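Engineer: Attaching a single structure in C-alpha cells format; questions to follow.
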Amino acid sequence: MKQRSDSRFISFVAQFKQNRAALAGATIVLLLVFVTLFAPQLSPHDPIKACLDERLTAPCMEYPFGTDQLGRCIFSRVLYGSRVSLSVGLIVVGIAATIGVVLGIISGYCGGVPDEIIMRLVDAMLAFPSLFLALAIAGILGAGFINVILAITVVEWTRYARVMRGSILSVKENYYVEAAKSLGASDFYIVTRHIVPNAITPIIVVATLGIATVILAAASLGFLGFGVQPPTPEWGMMLNDGRLFMRRAPWLMIFPGLAIMITILAFNLLGDGLRDAWDPRLRERRRER
Amino acid sequence: MSLLSITQLKVHFPTQDGIVKAVNTIDLEIANNERLGLIGETGCGKTVLGMSIIRLLPPSTTIEGEIRYKGNDLLKLTEKEIRKIRGKEIAMILQNPTTSLNPVLKVGDQIAEAIKLHQGLDRRAAKAKAVEMLEAVKIPDATKRANEYPHQFSGGMKERAMIAMGLACDPAMIIADEPTKGLDVTVKKQIVKLMKEVTTQKTMLFITHDLGVAAEICDNITVMYAGELMEYANTEAIFKNPMHPYTQGFLNSLPSMGLKAIKGMSPSLIDLPSGCRFHPRCDFADAKCRTEHPELIEVEKSHYARCFQYA
Amino acid sequence: MLKYIIKRLILLIPILFLVTLISFSLLFIIPGDPAETILTGPGGGADPKAVEEFRIKMGLDKPIYIQYFTWLESILHGNLGYSYQSKRPVIDTILSRFHATLKLAIVSMIISLMISIPLGIISAIKQYSAIDNVSMAGALLGVSMPNFWQGLLLILLFAVTLGWLPVAGYGDHGDLEHMILPAITLGTSSAAITTRLMRSTMLETINQDYIQAARAKGLSERVVIGKHALKNALIPVVTMIGLNFAYLLDGSVVVETIFAWPGIGLLMVESIYLRDYPMIQGCILFVAIIFIFVNLMVDILYTYLDPRIRYETKE
C-alpha cells in the first residue's frame, strides 16, 4: 500500500508540473505570501498615516498607485491589505476544514443517527445562500477581524464535511479497512491510520479552492462595511471608499479590485491544477485524445 | 469478386503516452455475401479496423493505405460522401448496446432516423418501417416497444434493437462489433441465431473475441494480434488445422479445450515487440522470431499464416 | 415519479425545521440585550421602563424555547414578525422587495444562459481550439472577478465616463435602463461558472458511444451534435438553473447595494445597519425557503426531463 500511494504521488507531481496554468497559480500564491510577510519592507509609505496635502494624487513615481481621500499611499495599502485577505483565507479554511473533517469522519465512519443528524444539518446550512448568512452573522456581531472569521467559518465548514464523508465512504469499501478490522484494530486506529491518509487529498484540493471563496467572501463583507475595523487596510473596504471618488480618482478602486482578482485567480488556478492532477478520471480522459 | 478490399492499411493515432499503432499494414478481402470473422483479444486493434472502414475515428488519426468498397476508395471520399455510405451501404453495429443507444430518445425513433435520412421516407412511414425492423429482429409487441426508451429494454433486447438499427436501411455490408459481448448464455444463443438468419444475403465483418460464436456464423475467419493479421482460413480449417501458434493457443484457451490460457499479456499497441509480434508469448520462438518480421504466407490453398515455421 | 416527489417532500421536513432553528438562533449572537440595543438612541442611554415595555411587547422576556415555538407558530401562519423600525409586518416588506430581486434575477439568468449554453457547447465541440481557450480563460477570469468590482467598473465605464446609463437606482418600476448594468454584472459572473459546467457536460456527452452510433448511421454532424448530444447535455442545464439561482441570490446582496436596487439583498444590508433583527431573521429565512423551493422544482423538472428517471417507478 505504501508503494501504491508513493507511485500515485509521483504521477500526481508529474501531472501537476505539466500544467502551466497551475504552476502560474502556484507562483502567484508564493509571491503573495512573500508580499504578506515583507509588506513593511516593500511598502514605500506608512499605509495608515494620512497626508492631507497629498489627497487623491494620481499614480506617479512617489505613489505608484496614487493616494486616497486621506492622502494615504494606495500601493502600500494594497500590499498591507494582502495580510488581512490571506490570513482570513488561511484561518477560516483551517478552522472550517478541521470542523468539517471531524464531522465528516464521524458521519462517514459511524453512519446511522450521527450521520443523519450531521448531513441534515449540512443540508440545512446549504439552503442558505452563503453570503446572506455570513452577512447576517457578521452584521449582527459587528465589524472586526474575529467576527469576519466566525461568520465565514460558519458557512464554509459544510463542504469539507461532505467531501470527507464521501471519501470515507469510498475508502471504507476498500479491502485493507476490512483487513484491519478483522485483525482487531480499534476504530481510532483504523480511522487515523487507514482512512484519513487516503481521504485527505480531496480535502486539500477543496481547501485550495476554498481559500479563493473565503477571500472573496471576506472582501465582500469588507466592501459592505462589515470587515476589519478601519484604518487597517483591507481590499474590499478600500474599494468601497473608492466608490465615492470614482469620477475624480478611479485608481482608488482599480488597484484594490485588481489585487482581489489576482489573488482569487491564483488560488483558483492552483486548486484546478491540483484537482486535475489528482482526479485520475480527468487524466484518463485527456489521454484519450 | 470482393465487395471490400483493404490494402496496406495502417491506422495510428497519437496519445499523451505515445503513438498507438492499432492497425499495421493489413491486407484483407471480403467477398460478396461472405461472412468473415475477425478474431482477437481485447486491445488488438480489431475495433479500430472496423471503425476505419466507415471512418469513425478521431480527426487526429492517421490512416494510410486503401479501403476499396465496390471499387471506390472510402478513404478518399469527402465527409459528405462517406456519410452516404454509413448506415446505407455499410452499417456498423457498435459494441455495448447499453451505451450505444441514446438514453433520451425512443428506440423506434433511433431506428427511424436512419430510414428517414437514407430512404427519404416521411416520419410516419419511417416509424412504421422501424416497427417492422423490430419485428424482424423478433422483439415482441414491437409497436409498443418502439415507443419505449432504451433503459426499458433488457440487455438482449437492446442488442436486438442495435441489430435492427443496423439492418434498417438494408445495407450491403454489416460490420458487427462484439454483438454477443456481455450476454448470458441463452440470450447469446438467440442473438447468434438471429445474426445468422438476418445476414444470409449479406456481407458481414464479424468482430469478436469469441471463437465459438464466430464458428457458428462465419464462413471464413481471420485472427488478429497486435494490429496484424496472423492467420486467415475458412472456419473449418481454422478449427481443424490451426497453423499459427497464437491461433493454437487461442483454441486451447476455449472452455471446451481445457481453458489453457496463453502465457503472458497481449502487448501494448504503443510499444510493439520487435520481430514477430507474438514471439514473447510463443513456445516455438527462436532467435529469428525475435529480430525478423514474418510475412503472411499461403501455406495451403486459401490458408494463410504469419509464422516462420511455414517459411 | 409521484412517489419520488412525496419522498422528496418528506425529506424536506427536517431540513425546514433546522432552517428555522438556524434563523432563530441568530438572536443568540446579538451582542448585549437586543431591546436595549434597539432603544439606545444616538446620544446613548435608554429609558429602562421603555426597554422593559419593548421586551414584553416583543416577547423577549419569555424563556428562549418558548420564544422559538411562538415564533415558529407565527411563521407557520405566514407571520414573520414586525419590523423594529417601521413596525410593519416583516413579510410585507420582504415580499415587495423580493419582487425587485426576482425581476433582476430572471433577467440575469437569461443573460447568463444565453452566454453560457452556446459558449459551453462550442468550447466542448472544438476542445483546445482558440475559441475554447479564450472562453475558458474568460470564464476563469469571470469566476475570479468579484462582482462588486465588476459592477463598479461597469458604472465607471458606462455611467460615469460614457454617460449612457444611469449610475444606480430603480427608476419608477425597475426600468430597463436601470436594470441593464446590474443584470449584466450578475449575469456575466454566473455565466462564468455555467459555461465551464456546460462545457464539461457537453464533453462528457460527445465522448459517449451513442454519439459514435449516431455517426455510424450516416447522420450529419449537425444532427449528431444538435439532436443526439444536445438532448442529453441539456438535461443537467436544469440543475444549472437551480445553481445559478443560488448564485444570483447571493450576488444580489452586493450588486443591489452598488446599484441601489431595492431588492431583498439591499433590504438585508439596510436592516443590518438599522439593527432591525426581525427583518434580518425574516430575510434569511425567506431566502432559504425560496432556495429550497427552487431546488425542489429543479429536482422535479429533472426527473421529468430524464426518461431514465421518469419511467423508473412504472417498472
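The values are calculated or read from the model by the stated rules, or taken from the named source; none is laboratory data. If you're wondering where the values come from, they're calculated on a predicted model, not measured in any experiment. Cβ sites come from the backbone with ideal geometry, for glycine too, and all protein chains shown count toward neighbours. For the accessible areas, the whole protein counts, side chains as well, though only heavy atoms, and no ligand, DNA or RNA atoms are used. Shrake-Rupley method; radii C 1.70, N 1.55, O 1.52, S 1.80 Å.
Engineer: Any chance segment B:130-143 includes a residue that's outside the structural domain of B:Ile53 (by TED's automatic domain parsing), in contact with a Gly (Cβ under 6 Å, 6 or more places away or on another chain) and at pLDDT 90 or above?
Structural biologist: The initial filter retains those residues of segment B:130-143 that are outside the structural domain of B:Ile53 (by TED's automatic domain parsing), namely B:130-143.
This time we only want the ones that are in contact with a Gly (Cβ under 6 Å, 6 or more places away or on another chain), so: B:130.
This time we only want the ones that are at pLDDT 90 or above, so: B:130.
Yes: one or more hits.
Engineer: A follow-up question, please. Any idea which of B:Leu101, B:Leu117, B:Leu94, B:Leu105 is under 27 Å from C:Pro307 (Cα atoms), open to solvent by 40 Å² or more (accessible area, probe 1.4 Å), facing chain C (nearest Cβ under 8 Å) and not small (Gly, Ala, Ser)?
Structural biologist: Details: B:Leu101 fails: open to solvent by 40 Å² or more (accessible area, probe 1.4 Å); B:Leu94 fails: open to solvent by 40 Å² or more (accessible area, probe 1.4 Å); B:Leu105 fails: open to solvent by 40 Å² or more (accessible area, probe 1.4 Å).
After ruling out the rest, the residue left standing is B:Leu117.
Engineer: Looking only at segment C:28-38, decide whether some residue is open to solvent by 40 Å² or more (accessible area, probe 1.4 Å), at pLDDT 75 or above, farther than 23 Å from A:Met125 by Cα and over 31 Å from the mean Cα position of the chain (by Cα).
Structural biologist: Quick first cut of segment C:28-38, residues open to solvent by 40 Å² or more (accessible area, probe 1.4 Å) only: C:28-29, C:31-33, C:36-37.
Still in the list and also at pLDDT 75 or above: C:28-29, C:31.
After this cut, where a residue has to be farther than 23 Å from A:Met125 by Cα as well, the list is none.
The answer is no; no qualifying residue exists.
Engineer: Inspect segment C:86-108 for any residue being within 30 Å of A:Arg243 (Cβ to Cβ), modelled with pLDDT under 85 and not assigned by TED's automatic domain parsing to the domain that holds C:Gly263 and give the result as yes or no.
Structural biologist: Taking every residue of segment C:86-108 in turn, at least one turns out to be within 30 Å of A:Arg243 (Cβ to Cβ), modelled with pLDDT under 85 and not assigned by TED's automatic domain parsing to the domain that holds C:Gly263.
Engineer: Related question: Restricting to segment B:15-42, give me the number of residues that are surrounded by fewer than 16 Cβ atoms within 10 Å (Cβ to Cβ), within 14 Å of chain A (Cβ to nearest Cβ) and out of contact with any Lys or Arg (no Cβ under 8 Å at 6 or more places or on another chain).
Structural biologist: Residues in segment B:15-42 being surrounded by fewer than 16 Cβ atoms within 10 Å (Cβ to Cβ), within 14 Å of chain A (Cβ to nearest Cβ) and out of contact with any Lys or Arg (no Cβ under 8 Å at 6 or more places or on another chain): 2 in total.
Engineer: While we're on this one: Can you name the number of the only condition in (1) surrounded by fewer than 24 Cβ atoms within 10 Å (Cβ to Cβ); (2) more than 19 Å from the chain's Cα centre (by Cα); (3) facing chain C (nearest Cβ under 10 Å); (4) at pLDDT 85 or above that A:Thr232 fails?
Structural biologist: (3)
Engineer: Now for a different question. Considering (1) surrounded by fewer than 18 Cβ atoms within 10 Å (Cβ to Cβ); (2) within 11 Å of chain C (Cβ to nearest Cβ); (3) in contact (Cβ under 8 Å) with a residue 60 or more places away in the chain, say which one A:Pro197 fails and leave the rest.
Structural biologist: Condition (2) is where A:Pro197 drops out.
Engineer: Quick check on this structure: which one of A:Ser87, A:Ser82, A:Ser76 is within 27 Å of A:Phe267 (Cα to Cα) and open to solvent by 20 Å² or more (accessible area, probe 1.4 Å)?
Structural biologist: On the way: A:Ser82 fails: open to solvent by 20 Å² or more (accessible area, probe 1.4 Å); A:Ser76 fails: open to solvent by 20 Å² or more (accessible area, probe 1.4 Å).
After applying the criteria, what remains is A:Ser87.
Engineer: Can you pull out every residue in segment B:200-211 that is among the polar types (S, T, N, Q), surrounded by 21 or more Cβ atoms within 10 Å (Cβ to Cβ) and within 22 Å of B:Lys88 (Cβ to Cβ)? So that I can check it myself, show each step before the final result.
Structural biologist: Keep residues of segment B:200-211 that are among the polar types (S, T, N, Q), which gives B:200-201, B:203, B:208.
Narrowing the set further to residues that are surrounded by 21 or more Cβ atoms within 10 Å (Cβ to Cβ) leaves B:203, B:208.
Across segment B:200-211, the qualifying residue is only B:Thr203.
Engineer: Anything in segment C:275-288 that is among the aliphatic types (A, V, I, L, M) and facing chain A (nearest Cβ under 8 Å)? List them, or say none.
Structural biologist: The first filter runs over segment C:275-288 and keeps only residues among the aliphatic types (A, V, I, L, M), leaving C:279-280, C:284-285, C:287-288.
The answer is C:Ile280, C:Ile284, C:Val287, C:Ala288.
Engineer: Let me ask something else about it. Assess whether B:Lys70 counts as being open to solvent by 60 Å² or more (accessible area, probe 1.4 Å), at positive phi and either of a type in the set (Lys, Arg) or not assigned by TED's automatic domain parsing to the domain that holds B:Tyr304 (or both). Walk me through it before giving the result.
Structural biologist: On the way: open to solvent by 60 Å² or more (accessible area, probe 1.4 Å): yes; at positive phi: yes; either of a type in the set (Lys, Arg) or not assigned by TED's automatic domain parsing to the domain that holds B:Tyr304 (or both): yes.
Yes.
Engineer: Could we say that A:Val92 is among the β-branched types (Val, Ile, Thr), at pLDDT 85 or above and either in a loop (DSSP other than H, G, I, E, B) or open to solvent by less than 40 Å² (accessible area, probe 1.4 Å) (or both) here?
Structural biologist: Details: among the β-branched types (Val, Ile, Thr): yes; at pLDDT 85 or above: yes; either in a loop (DSSP other than H, G, I, E, B) or open to solvent by less than 40 Å² (accessible area, probe 1.4 Å) (or both): yes.
Spelling it out, A:Val92 is indeed among the β-branched types (Val, Ile, Thr), at pLDDT 85 or above and either in a loop (DSSP other than H, G, I, E, B) or open to solvent by less than 40 Å² (accessible area, probe 1.4 Å) (or both).
Engineer: Go through (1) surrounded by fewer than 13 Cβ atoms within 10 Å (Cβ to Cβ); (2) more than 19 Å from B:Ile26 (Cβ to Cβ) for B:Leu251 and report which single condition fails.
Structural biologist: So the condition that B:Leu251 fails would be (1).
Engineer: With respect to C:Gly265, determine if the residue is open to solvent by 10 Å² or more (accessible area, probe 1.4 Å) and either in a helix (DSSP H, G or I) or within 12 Å of chain A (Cβ to nearest Cβ) (or both).
Structural biologist: Details: open to solvent by 10 Å² or more (accessible area, probe 1.4 Å): no; either in a helix (DSSP H, G or I) or within 12 Å of chain A (Cβ to nearest Cβ) (or both): yes.
No, not satisfied.
Engineer: Return a yes/no flag: does segment C:112-130 have any residue that is in contact with a Pro (Cβ under 9 Å, 6 or more places away or on another chain), open to solvent by less than 60 Å² (accessible area, probe 1.4 Å) and part of a helix (DSSP H, G or I). Reasoning before the result, please.
Structural biologist: Initial filter on segment C:112-130 (in contact with a Pro (Cβ under 9 Å, 6 or more places away or on another chain)): none.
Checked segment C:112-130: no residue is in contact with a Pro (Cβ under 9 Å, 6 or more places away or on another chain), open to solvent by less than 60 Å² (accessible area, probe 1.4 Å) and part of a helix (DSSP H, G or I).
Engineer: Looking only at segment B:228-235, decide whether some residue is in contact (Cβ under 8 Å) with a residue 12 or more places away in the chain and in a helix (DSSP H, G or I). Give the derivation first.
Structural biologist: So in segment B:228-235, the residues in contact (Cβ under 8 Å) with a residue 12 or more places away in the chain come out as B:228-235.
Imposing the further condition that a residue be in a helix (DSSP H, G or I) reduces the set to B:235.
Within segment B:228-235, one or more residues are in contact (Cβ under 8 Å) with a residue 12 or more places away in the chain and in a helix (DSSP H, G or I).
Engineer: Shifting gears a bit: Can you pull out the residues in segment C:221-262 that are hydroxyl-bearing (Ser, Thr, Tyr) and open to solvent by less than 30 Å² (accessible area, probe 1.4 Å)?
Structural biologist: So in segment C:221-262, the residues hydroxyl-bearing (Ser, Thr, Tyr) come out as C:239, C:247, C:252, C:257.
C:Ser252, C:Thr257, listed by residue number.
Engineer: Within segment A:239-269, restricting attention to residues that are without any contact (Cβ under 8 Å) to a residue 24 or more places away in the chain and facing chain C (nearest Cβ under 7 Å), which residue is surrounded by the fewest Cβ atoms within 10 Å (Cβ to Cβ)?
Structural biologist: Checked segment A:239-269; the qualifying residue surrounded by the fewest Cβ atoms within 10 Å (Cβ to Cβ) is A:Arg247.
Engineer: Sort out which residues of segment C:196-211 are open to solvent by 40 Å² or more (accessible area, probe 1.4 Å) and within 11 Å of chain B (Cβ to nearest Cβ), and write them in order of number.
Structural biologist: C:Asn207, C:Gln208, C:Asp209
Engineer: Any residue in segment B:251-268 that is in a helix (DSSP H, G or I) sitting within a Cβ distance under 8 Å of a residue that is open to solvent by 90 Å² or more (accessible area, probe 1.4 Å)? List the pairs, counting only those 6 or more apart or interchain.
Structural biologist: Final answer for the pair search is B:Leu251/B:Met257; B:Asn252/B:Lys260.
Engineer: From A:Leu56, A:Leu32, which residue is assigned to a loop (DSSP other than H, G, I, E, B), among the aliphatic types (A, V, I, L, M) and open to solvent by less than 40 Å² (accessible area, probe 1.4 Å)? Break it down stepwise before answering.
Structural biologist: On the way: A:Leu32 fails: assigned to a loop (DSSP other than H, G, I, E, B).
Matching residue, one of A:Leu56, A:Leu32: A:Leu56.
Engineer: Now a separate question. What are the pairs with Cβ atoms under 8 angstrom where one residue, in segment B:87-99, is farther than 8 Å from B:Gly166 by Cβ and the other, located anywhere, is among the aromatic types (Phe, Trp, Tyr)? Sequence gap at least six, or different chains.
Structural biologist: Pairs found: B:Glu89/B:Tyr69; B:Ile90/B:Tyr69; B:Thr99/C:Tyr210.
Engineer: Can you confirm whether segment B:125-140 contains a residue that is of a type in the set (Asp, Glu) and surrounded by 21 or more Cβ atoms within 10 Å (Cβ to Cβ)? First the steps, then the outcome.
Structural biologist: At the first step, the residues of segment B:125-140 found to be of a type in the set (Asp, Glu) are B:132, B:135.
This time we only want the ones that are surrounded by 21 or more Cβ atoms within 10 Å (Cβ to Cβ), so: none.
No, there is no match, as no residue in segment B:125-140 is of a type in the set (Asp, Glu) and surrounded by 21 or more Cβ atoms within 10 Å (Cβ to Cβ).
Engineer: Test each condition in (1) within 22 Å of B:Val48 (Cβ to Cβ); (2) not assigned by TED's automatic domain parsing to the domain that holds B:Phe13 for B:Glu197 and report the one that comes out false.
Structural biologist: Of the numbered conditions (1) within 22 Å of B:Val48 (Cβ to Cβ); (2) not assigned by TED's automatic domain parsing to the domain that holds B:Phe13, the odd one out for B:Glu197 is (1).
Engineer: Can you tell me how many residues within segment B:43-73 are in contact (Cβ under 8 Å) with a residue 12 or more places away in the chain and away from chain C (no Cβ under 13 Å)?
Structural biologist: Initial filter on segment B:43-73 (in contact (Cβ under 8 Å) with a residue 12 or more places away in the chain): B:43-58, B:60-70.
Add one more test, that the residue is away from chain C (no Cβ under 13 Å), and what stays is B:43-46, B:49, B:61-70.
Residues in segment B:43-73 being in contact (Cβ under 8 Å) with a residue 12 or more places away in the chain and away from chain C (no Cβ under 13 Å): 15 in total.
Engineer: With respect to B:Thr78, is the statement that it is closer than 20 Å to C:Arg215 by Cα and either hydroxyl-bearing (Ser, Thr, Tyr) or touching a strand residue (DSSP E or B) at 6+ places or on another chain (Cβ under 7 Å) (or both) true?
Structural biologist: Working: closer than 20 Å to C:Arg215 by Cα: yes; either hydroxyl-bearing (Ser, Thr, Tyr) or touching a strand residue (DSSP E or B) at 6+ places or on another chain (Cβ under 7 Å) (or both): yes.
So B:Thr78 passes the test.
Engineer: Would you confirm, using the coordinates I've provided, whether C:Ile272 is over 22 Å from C:Lys3 (Cβ atoms), within 9 Å of another protein chain (Cβ to nearest Cβ) and touching a Phe, Trp or Tyr at 6+ places or on another chain (Cβ under 9 Å)?
Structural biologist: Values: over 22 Å from C:Lys3 (Cβ atoms): yes; within 9 Å of another protein chain (Cβ to nearest Cβ): yes; touching a Phe, Trp or Tyr at 6+ places or on another chain (Cβ under 9 Å): yes.
Here the answer is yes, as C:Ile272 does meet what is asked.
Engineer: I'm told A:Leu126 meets every condition in (1) within 14 Å of chain C (Cβ to nearest Cβ); (2) in contact (Cβ under 8 Å) with a residue 60 or more places away in the chain except one. Can you identify the failing condition by its number?
Structural biologist: (2)
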